[in-house]
Amino acid sequence: MFSILQVGVRGPYSRVNPHVPLLSLYFEGGDLRKDFRLSRPTLDNLIKILGNTDHGWGRALEVLVFVYWLASATSYRVVSEAFGFPRSTCHDMVHKTSKAIQGIFRRAVCFPNNDELEEIGAGFAQLAGSPAFRRVAGSIDGCHVRIVPPGRFPGDYFNRKLFHSVQFQAICDHKGSFLDIVVGFPGSVHDARVLRSSPFYLHQLYPPPGWHLIGDGGYPCLAQPIELLTPFRESVRNAVEGRFNARLSRARCVVERAFGVLKTRWRPIFLKALEVKVDFVPEVIVACIFLHNLCIRNGDILEPEVVEEDNDDGVDFEVPVPVQQSGDGLRNRLAAAVSAPEHPPHELQEDDYC
């Protein structure tokens, strides 16, 4: 608050009017959730993390404008009227704060250390209701963000759901916090191709050896270059496969729940066509993911109102650069372990992948 009131007075547009309703709400300690979609502690924490700025209007005011723009996804004209600033000033504040969040993104979205990994594995085993899932390091899925068709190559952005989009792929832990994202692919690109283009996949950065990700039928079941478990194809052949699919679904759906929370908090971003230039869309998504994790760390929790379950069994025919090795053997062993829970699975050996 102090940094806002102490902004310089270089001219008529440099003066902050604390009686503007949104600023008055902030100054007087009102509930910020309705207009900013963040609790006051989360918003203050974001301002603190981004740090002070020695020029312009000050970091706090820039953050307020940016978060309000995210929460409403409205035009810069409307934002300028809401804060009493010129439209160009609001535009600059939004883009400046977005860039600042890109710079600190990995403080909130990163792969876990060894202790955290053990906690994640235990969490997924609890979600699945089976100790066979204690070596799960994350759940992976993709999400489409609706956009206004771009002027160039609009067909590339037209997805199988019949709207134009930019998509992102996310890995989340058992609590719904995001560990990694890959963002920016046009909507027509298949989930499996996004996976094969991901740095963590190409360079085998995650999960560590002996750990695996879980995903839906849109992904291949793999043992190499990473371990990735997916459901058995329907219709399943026996009760063992059916039980495995049910347990996998219980654990995997945490990523869909995380997407649901994103859509609940940032409805205008994820539930209508985003009216910004297509090259700015990835920055907006990254900011929403960063704030999602920040909210979880601050106990600023929302229950998802919209959860889309998209079991994509489509086939992508592009040939990956890394050599893939089927994970069918690993999946069969875990399926057997699910059906015999009193005998927890032993550590996987090389022969298990054959």
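Assuming R0 = 56 Å, what is the FRET efficiency of Ser24 and Glu116, from their Cβ-Cβ distance, to the nearest 0.05? Mind showing how you got there, number by number?
Details: r = 41 Å, r/R0 = 0.74.
My answer for the efficiency is 0.85.
Search the structure for amide H atoms under 5 Å from the amide H of Ser326, placed 1.01 Å from N in the peptide plane, and list their residues when 5 or more places away or on another chain.
Hits under the 5 Å cutoff: Ala223.
Which of Asp35, Asp141, Asp173 moves the most in a Gaussian network model of the chain with Cα springs under 10 Å?
Looking only at Asp35, Asp141, Asp173, the largest GNM fluctuation is found for Asp35.
What's the extension gain from Lys34 to His95 if we count 0.36 nm per residue and subtract their Cα-Cα distance?
Between Lys34 and His95, full extension yields 19.7 nm more.
Give or take rounding to whole Å, what are the principal axis extents of the alpha carbon atoms in the chain, in descending order?
74, 43, 33
Enumerate the lysines that Lys277 could reach by cross-link, defined here as Cα to Cα under 23 Å, with residues fewer than 8 away along the same chain left out.
Within the straight-line limit of under 23 Å, Lys277 reaches these lysines: Lys96, Lys99, Lys161, Lys263.
Once you place label points 7 Å from the Cα toward the Cβ at Ala246 and Lys48, how far apart are they in nm?
According to this spin-label approximation, the distance is 4.6 nm.
Separation of the stretch 192-247 and the stretch 63-106 by C-alpha centroid, Å?
39 Å
Just to verify a number: FRET efficiency for Asn238 and Lys175, C-beta to C-beta distance, R0 = 51 Å, to 0.05?
0.95
FYI, it's all coordinate maths here, none of it is from the lab. Here the structure is a predicted model, which means the values were calculated and not measured. FYI the Cβ positions are ideal-geometry reconstructions off the backbone, even for glycines, and counts take in every protein chain you see.
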